Amino acid sequence: MSRIFADYVEKAKGILDSNWMGTSTKPAPSLYPHQWNWDSGFIAIGRSHFDTPRAILEIDTLFAAQWRNGMVPQIVFNPDALGHYFPEPDFWQAELSANAPPDKLTSGITMPPVHAIAVEKIYKNARRPRSVLPFLERIYPKLLALHSYLYEERDTDNEGLVYIRHPWESGIDNSPTWDEPLRRIDVDESTLPPYERKDLNHGVDPSMRPTNEDYDRYVYLVALFRSCGYDETEIREACPFLIQDPLFNSVLCRANESLVNIAHLIGASADLPSSWVKKTASAIREKLWDPERTIFNCYDLVSKKPIHVATAAGFIPLFSGAASREQAALIYKRLDSSSFCALQQGNCFTVPNYDTHQEDFDPSNYWRGPVWININWMLAHGLRRYGYTLKADSLQKDLLQLPLRFGFYEYFNSFNGKGYGSDGFSWTAALFIDLVNEFYDREKASRRIAAKARSLFSSDLILNNGEEMPDLEPDELGSALMRCIKTFRDTFYDTSRGRVDYPALIKSTQYREYRLLTNGLRKFDLRCLIGRRQKLAFWVNLYNSIIVDGIVSQGVQKSVQEAPEIFGRLKYAIGKHHFSADDIEHGILRGNARPWFHALKQFSSRDPRKAWILKPLDPRIHFALVCGSRSCAPIDYYDSDTIYKQLEAAAKSFVNSSEVIVLPEEGKILLSEIFRWYEVDFGGWTGVLDFLYDYLANERARLFIRAEANTLQCEYIYYDWNLNR
Ligand code: 2M8
């Protein structure tokens with residue numbers, strides 16, 4: 001694990017430990033001082049990577065407060081922390097119900113049932129999974145009782161869809177989806193029990209929290225439940241807020257899958273949870289799908305109508321696998337649009353909780369626009385489940401970057417990433433830990449594949465060894481090859497997004513022509529290249545196209561890391577010598593420097609290829625050489641007449657992209673790893689700062705770099721190795 005991730009994982013663990021209350025974890029240091037239902041599920045997922053006993057205790061503590069009818073309460077109150085939150089036990093009066101546990105203080109509603117998912121993760125991530133089996137045996141009946149409660153009490157028409165009866169049950173409290181049903185509630189202030197909000201006493205900006213009108217309705221509903229003695233039948237008849245929510249039902253459906261797996265692990269029958277999976281998945285697919293708006297809706301059981309409000313909750317059926325392939329494809333289009341921050345949009349973080357094009361979208365108000373880590377964690381898993389790997393990776397990248405750059409906040413501004421709500425927020429920390437671990441697990445797997453691939457190839461692989469030779473004089477070859485690479489750029493490169501259309505390129509006549517011309521390189525005399533500009537353009541273009549050629553010939557699907565031989569072992573024969581991408585980059589263009597991953601210089605002292613070294617080194621080449629990955633600069637064609645101007649533009653655009661982030665208020669800069677790997681090429685650390693100073697467009701950022709050069713902290717941004725396809 002890289003040092004920066006290791007440090008932040010330690011920080012995240014520290015947050016969980018400081019929010020630990022002895023037998024469970026509070027969501028935030030002061031704003032939420034008790035145990036919350038789904039927060040504990042997410043927290044246990046994070047803890048499962050480093051502290052199995054506490055992860056188990058988290059869940060055990062929550063289920064120790066399970067109601068007799070199976071309901072797991074939204075809040076289990078910490079008797080030692082009362083007085084700072086509203087509503088607390090005195091207001092809920094859960095004791096009015098015979099179902100409430102006599103020895104625990106709880107609220108009288110529930111939340112999305114993520115717990116079975118967490119329990120399965122605890123088992124999977126434990127160092128000795130077998131030692132977790134007794135916990136699985138103990139918790140399984142309780143999980144089953146929770147799901148049975150939901151199906152029996154919240155799905156009386158036996159549709160496979162359960163309803164929520166309070167916005168707090170959704171977990172996305174003031175989502176715009178609830179505006180319409182809540183508006184129906186006519187609050188009579190003279191009969192509403194008196195109450196005092198406490199959530200605004202913790203330094204949180206009131207404009208980022210629910211309104212007083214919202215709170216009146218939240219309180220109205222609690223008072224109603226109280227007056228019904230928490231009897232589900234009575235509530236069902238009187239409650240103006242009964243909603244079948246795709247988020248809640250998808251979490252339930254996904255948790256049923258975990259129940260099936262847990263049942264198998266402990267040798268119990270999985271029939272019941274299996275039947276729930278099928279039933280709920282098909283009900284979501286059929287009843288909640290909106291073919292016109294291509295998103296899943298909530299269904300309002302009181303007005304008997306769907307609610308047409310597009311929030312991220314409408315995408316969560318991807319997480320449970322409830323969406324059909326066709327629905328997933330349509331959802332994907334919607335999700336990856338500017339409404340919800342498209343890939344490469346560059347000015348936003350994925351996925352805001354509400355459609356950014358709506359008039360009442362608010363990037364800083366709680367569940368009405370900001371990015372939430374738990375929602376995106378579910379979406380990233382959902383996208384991966386349906387094969388939308390690129391988008392899933394980009395979500396995960398944002399999810400890692402947000403806490404890293406802005407702190408472990410509760411929610412984040414969807415455009416500038418600023419953190420809001422409570423700092424030191426537990427599920428942000430917990431899911432960060434989970435994401436980092438998943439990321440490294442995937443990387444480990446791909447490294448294993450790479451090592452295997454390496455062992456399969458023990459010597460150079462010459463790419464341009466075809467028999468057919470181009471019908472050209474050797475001195476015409478260079479310019480013909482450059483012209484051909486230019487047609488790649490014009491036809492298959494999207495230079496603004498830095499993307500290559502590999503499938504179209506593979507099938508094209510231009511690619512066949514290119515392969516033919518590269519065969520000609522075997523007879524090419526490098527002395528035909530005249531002057532520095534021509535040499536620079538030749539090598540930069542050749543580097544970029546050998547990578548493209550390598551990606552195509554090795555059938556790389558997702559990342560160049562699948563085929564590390566692309567950089568060192570795949571070569572073009574040019575005249576008498578062989579050149580790999582590494583030879584071009586570190587040998588020729590970097591003046592025979594040491595690659596960042598190697599102890600020795602690229603060319604040994606007697607290597608004849610040293611004759612072609614290009615000096616002096618121009619550090620701007622690092623923004624022109626494209627290693628086939630998303631964190632590289634966008635691919636382009638470099639013309640010998642204009643190459644200096646182009647290198648200037650490439651450096652400027654890279655320094656002003658999301659690969660360089662200057663945060664004067666935090667005394668920090670976040671830089672692409674390129675600046676770490678090639679620091680020496682910029683003239684050391686002060687050279688890097690000078691370089692940034694020269695190219696940054698933002699005046700404040702430049703002044704900060706100049707003024708704080710000696711004290712500013714630098715961190716390096718996670719390098720996205722996903723293919724630039
Ligand atoms: C928020 O909800 C509570 C009520 O449950 C509140 O606003 O006081 C929501 O973000 C919810 O999803 C979360 O579980 C809870 C604690 O983090 O805070």
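The values are calculated or read from the model by the stated rules, or taken from the named source; none is laboratory data. A quick note: this is a predicted structure, and the numbers were derived from the prediction, not measured. Don't worry about glycine lacking a Cβ; one is built from the backbone with ideal geometry, like all the others, and counts go over all protein chains shown. Ligands, DNA and RNA are stripped out before the accessible areas are found, and what is left, the full protein with its side chains, is counted by its heavy atoms. Shrake-Rupley method; radii C 1.70, N 1.55, O 1.52, S 1.80 Å.
Listed values, structure above:
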{"item": "Which of ASP525, ASP423, ASP607 is most accessible, then next, and so on - probe 1.4 Å", "result": "ASP423, ASP525, ASP607"}
{"item": "Share of pairwise Cα separations in the stretch 109-170, more than 20 Å, in percent", "result": "39"}
{"item": "Sites SER282 and ASP179 - FRET efficiency at Förster radius 35 Å, r taken between beta-carbons, to 0.05", "result": "0.75"}
{"item": "For the stretch 154-248: rounded, prolate or oblate by the Cα gyration tensor [a/c cutoff 1.5]", "result": "oblate"}
{"item": "Rounded to whole Hz, the Karplus (6.51, -1.76, 1.60) HN-Hα couplings of the stretch 552-567, x for glycine and proline", "result": "5, 6, 8, x, 5, 9, 10, 7, 4, 5, 5, 9, x, 5, 4, 7"}
{"item": "For the stretch 273-333: relative contact order, % (alpha-carbon pairs under 8 angstrom, 6 or more apart)", "result": "33"}
{"item": "Long-range amide H partners of GLU673 with built H, under 5 Å", "result": "ILE717"}
{"item": "Cα Rg, Dmax, the stretch 8-87, angstrom units", "result": "12.4, 41"}
{"item": "THR491 versus GLU665: modelled label distance in nm, points set 7 Å from Cα along the beta carbon direction", "result": "5.0"}
{"item": "Rounded FRET efficiency, nearest 0.05, which uses the C-beta distance separating ASN158 from ARG130 and R0 of 41 Å", "result": "0.60"}
{"item": "Ratio Rg/Rh, restricted to the stretch 571-615 and using Cα atoms, in which Rh is the Kirkwood radius", "result": "0.93"}
{"item": "At q = 0.16, 0.18, 0.19 Å⁻¹, base-10 log of I(q)/I(0) for the stretch 285-371 (Debye sum, equal scatterers on each alpha carbon)", "result": "-0.63, -0.79, -0.87"}
{"item": "Zone residues, the stretch 210-238, relative to ASP186, backbone N less than 11 Å from point 7 Å out along Cα-to-Cβ", "result": "none"}
{"item": "Cys with no candidate disulfide partner in the chain (beta-carbon separation under 4.7 Å rule)", "result": "CYS228, CYS239, CYS253, CYS298, CYS484, CYS528, CYS627, CYS632, CYS714"}
{"item": "Inter-centroid distance (Cα atoms) of the stretch 662-694 relative to the stretch 590-651, Å", "result": "18"}
{"item": "Residues of the chain: accessible area per residue with a 1.4 Å probe, Å²", "result": "39"}
{"item": "The chain shape via C-alpha gyration tensor axes, a/c threshold 1.5", "result": "prolate"}
{"item": "Principal axes of the stretch 82-205: Cα extent on each, largest first, Å", "result": "57, 40, 33"}
{"item": "Longest to shortest principal axis, alpha-carbon extents of the stretch 535-596, angstrom", "result": "32, 27, 21"}
{"item": "Potential extension, TRP685-ARG700 segment - 0.36 nm per residue separation minus Cα distance", "result": "3.4 nm"}
{"item": "Distance between the stretch 24-97 and the stretch 160-174 - C-alpha centres, whole angstrom", "result": "18"}
{"item": "Charge context of GLY575, other residues only, Cβ under 12 angstrom, K/R +1, D/E -1", "result": "+4"}
{"item": "Coordinate range along principal axes, alpha carbons of the stretch 8-153, Å, largest first", "result": "44, 35, 22"}
{"item": "For peptides 114-127, 288-301, sequence by mean Cβ density within 10 Å, most packed first", "result": "114-127, 288-301"}
{"item": "Relative contact order (%) - the chain, alpha-carbon pairs under 8 angstrom, separation at least six", "result": "10"}
{"item": "Spacing of the two label points (7 Å from each Cα toward its C-beta) at ASN347 and LEU96, in nm", "result": "5.1"}
{"item": "Rg/Rg_globular for the stretch 574-725, with Rg_globular taken as 2.2 N^0.38 Å and Rg from C-alpha atoms", "result": "1.11"}
{"item": "Calculated FRET efficiency for the pair ARG334/SER553, C-beta based, R₀ 30 Å, to 0.05", "result": "0.25"}
{"item": "Length released on extending from ARG594 to ASP501, taking residue separation times 0.36 nm less the Cα-Cα span", "result": "30.2 nm"}
{"item": "Fraction of accessible area attributable to carbon and sulfur, the chain (%, probe 1.4 Å)", "result": "49"}
{"item": "Kirkwood hydrodynamic radius of the stretch 196-302, Cα pairs, Å", "result": "17.2"}
{"item": "Listed pairs LYS26/LYS305; LYS418/LYS558; LYS121/LYS304; LYS121/LYS397; LYS11/LYS418 exceeding 26 Å between Cα atoms", "result": "LYS26/LYS305; LYS418/LYS558; LYS121/LYS304"}
{"item": "Cα-projected label distance for THR509 with ASP199, points at 7 Å along beta-carbon direction, nm", "result": "6.4"}
{"item": "Lysine pairs in the stretch 559-662 with Cα atoms under 28 Å, if 8 or more residues apart or on separate chains", "result": "11"}
{"item": "Radius of gyration and Dmax over the Cα atoms of the stretch 185-224, both given in Å", "result": "11.0, 31"}
{"item": "Contour minus Cα-Cα distance for GLU137 and SER18 (0.36 nm per residue)", "result": "39.8 nm"}
{"item": "Tensor-based shape of the stretch 232-388 (alpha-carbon gyration tensor, a/c under 1.5 rounded, otherwise prolate or oblate)", "result": "oblate"}
